[in-house]
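The values are calculated or read from the model by the stated rules, or taken from the named source; none is laboratory data. Computed from a predicted structure; not experimentally measured. Please note: Cβ atoms are built from the backbone with ideal geometry, for glycine as well, and neighbour counts cover all protein chains shown. All accessible areas refer to the heavy atoms of the entire protein, side chains included, with ligands and DNA or RNA removed. Shrake-Rupley method; radii C 1.70, N 1.55, O 1.52, S 1.80 Å.
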Amino acid sequence: MKRRFSISSSIYTVIAGAVGVIVLLGFFVEIEGLHLQDFQAILLDWAVTIAAFAFLLGAINVVRVNLMRIRQRKGGLYSLVTLAAMLLVLVFGLTDGPHSLAVQWTFKWVLVPLQATLFSLMAFFVVVAAWRVFRLRNLESALLLLVGVLILVSQVPLKFPWAEDLAGFKNWILAVPATAGARGIILGVTLGIVTTGLRLLLGIDRPYSD
Amino acid sequence: MITETQALVLVFLLIFLPLMLFFTSRVRGGREVSLRRIPAFEALPSLIGRAAESGQALHIGLGSGGVGGRETASALAGLTVLGYLADQAAVFDCSPVVTVADMALLPVAQDVLRNGYLRQNRLRGYRPTAVRFLGPTPAVYAAGVMDVLAHEEIAANAMVGTMGDEYLLMGESGAKRGLNQIVGTSNVETLPFVFATADETLIGEEIFAGGAYLLRLPEHIGSLLAQDWMRLLLVGVILIGVLWRTVL
């Protein structure tokens, strides 16, 4: 994939790179008279303000996508409910403010219970996922099954002769191999994040233009 | 006065940056680099093929994170995969459904998708509504993706980005329907769920290697090599630290 040169994309790259360098320098350097931290704070404030405009784009997108679904009669009823709910909350929010009784009621008695319901399904989904992943296919899955079963058994509050040994085994699995693996992944992710940041600063990655 | 943490980060960057530039220049100079296999990246083109053959859409999820926060790097990794799939979708005339959970990510994703169609001179095939903002919270996003995967004409599912526990709800919906799924996330806690539901997984840092594997960009390959060297350096430092503490 070759990048085409354009003046506009070069301007974006220079602006993005310069802003990135200033924010980064503000983290490292403290020069008297040159208030980099203040400048950094201003730039971050601007970013927040600009991001706030994205709310409008998000709302427009929701309306467009749901209108399209209504026109195509693909789950049109749900889209209609979505748009009606969106409009209602918007009207209440604009007339009485975001802390009005109606808006708070909607969040407390509609959104929060719905989210809780959705997450309560997780228990069943975990069982189904475990059923699939614990199938014996190869040596790795056999090991996974064995360790999984042992850890599950160690959580059972029953007293049997080797319960303490099993609890010790569980603690060792969680503290040593599992933590070592997780830390290895986190270390790799950190390196990946640094690399991505540097590529952005250098203008190599340009998600904002082409 | 520079603090200890700042000094460490500075030293890290001062080693990393020249390494990255050095390897990039070597790759640009034509030096052959063999990258280890990542099956998930190898399988990505087959998702488009499957979607094109069946005449159905390909779902591309960018996760519940966005740009501007801690999840920015993961979101950018998702955008790299989206850029590649956008090119392929334009070539094979396959319509993607892209879902996002961050309003700031929405225009960026639309731009990346549009550029894919533009590069292939198929701009007429681009629809802005192909990118959908589903909701700003993980639960709402998951509910939206569950609906897309369960009820729309979707042939395959690719998801790369930040995903928490809510991924299981989405992944299971896809798995239940028998969709071919490729999923990558940097969230360690979510990886077991990904492993349980997806056909191919991108584990942790692998999501950031999309540019090197899919687009073969010299800068990305160079930075990947620098990353590997930094990892070796860190392993060395850890080993020296362990020996130091053990012996002294």
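Structural remarks
- Which numbered condition B:LEU234 misses (of (1) within 19 Å of B:LEU79 (Cβ to Cβ); (2) surrounded by fewer than 23 Cβ atoms within 10 Å (Cβ to Cβ)): (1)
- Residue within segment B:219-229 that is modelled with pLDDT under 95, buried (at least 16 other Cβ atoms within 10 Å of the Cβ) and under 21 Å from B:ILE48 (Cβ atoms) present: yes
- Residue identified as open to solvent by less than 50 Å² (accessible area, probe 1.4 Å), out of contact with any Ser or Thr (no Cβ under 7 Å at 6 or more places or on another chain) and assigned to a helix (DSSP H, G or I) among A:THR179, A:THR190, A:THR117: A:THR179
- Check on A:ALA16, assigned to a helix (DSSP H, G or I), open to solvent by less than 100 Å² (accessible area, probe 1.4 Å) and under 18 Å from A:LEU202 (Cβ atoms): yes
- Selection from segment B:30-52 of residues that are at pLDDT 90 or above and either farther than 28 Å from B:GLU200 by Cβ or touching a strand residue (DSSP E or B) at 6+ places or on another chain (Cβ under 8 Å) (or both): B:ILE38, B:PRO39, B:ALA40, B:PHE41, B:ALA43, B:LEU44, B:SER46, B:LEU47, B:ILE48, B:ARG50, B:ALA51
- Residues (within 7 Å of another protein chain (Cβ to nearest Cβ) and either at pLDDT 90 or above or not in a loop (DSSP other than H, G, I, E, B) (or both)) located in segment A:44-79: A:ALA47, A:ALA51, A:ALA54, A:PHE55, A:LEU57, A:GLY58, A:ASN61, A:VAL62, A:ARG64, A:VAL65, A:MET68
- Filtered residues of segment A:126-146 (kept if hydrophobic (A, V, I, L, M, F, W, C) and open to solvent by 40 Å² or more (accessible area, probe 1.4 Å)): A:VAL126, A:VAL127, A:VAL128, A:TRP131, A:PHE134, A:LEU136, A:LEU139, A:LEU143, A:LEU144, A:LEU145, A:LEU146
- Options B:VAL131, B:VAL97, B:VAL91, B:VAL112; residue that is open to solvent by less than 30 Å² (accessible area, probe 1.4 Å), more than 9 Å from every other protein chain (Cβ to nearest Cβ) and aliphatic (A, V, I, L, M): B:VAL97
- Count of segment B:43-93 residues which are part of a helix (DSSP H, G or I) and either free of Cβ contacts under 8 Å to residues at least 12 places away in the same chain or under 19 Å from B:GLY178 (Cβ atoms) (or both): 13
Results for (1) open to solvent by 10 Å² or more (accessible area, probe 1.4 Å); (2) among the acidic types (Asp, Glu); (3) more than 24 Å from A:ILE186 (Cα to Cα), shown as yes or no for each residue.
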site: B:ARG127; (1), (2), (3): yes, no, yes
site: B:ASP147; (1), (2), (3): yes, yes, yes
site: B:GLU153; (1), (2), (3): yes, yes, yes
site: B:ASN157; (1), (2), (3): no, no, yes
site: B:GLY161; (1), (2), (3): no, no, no
site: B:GLY174; (1), (2), (3): no, no, yes
site: B:ILE182; (1), (2), (3): no, no, no
site: B:PHE193; (1), (2), (3): yes, no, no
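- Listed here are the helices (runs of 4 or more DSSP H) enclosed by segment B:160-222 that have at least 3 residues being more than 9 Å from chain A (Cβ to nearest Cβ): B:167-176, B:210-214.
- Residue in segment A:82-100 that is surrounded by 12 or more Cβ atoms within 10 Å (Cβ to Cβ), facing chain B (nearest Cβ under 9 Å) and not hydrophobic (A, V, I, L, M, F, W, C) present: no
- Within segment A:198-210, considering residues that are in contact (Cβ under 8 Å) with a residue 40 or more places away in the chain and part of a helix (DSSP H, G or I), the one farthest from the other protein chains (Cβ to nearest Cβ): A:LEU201
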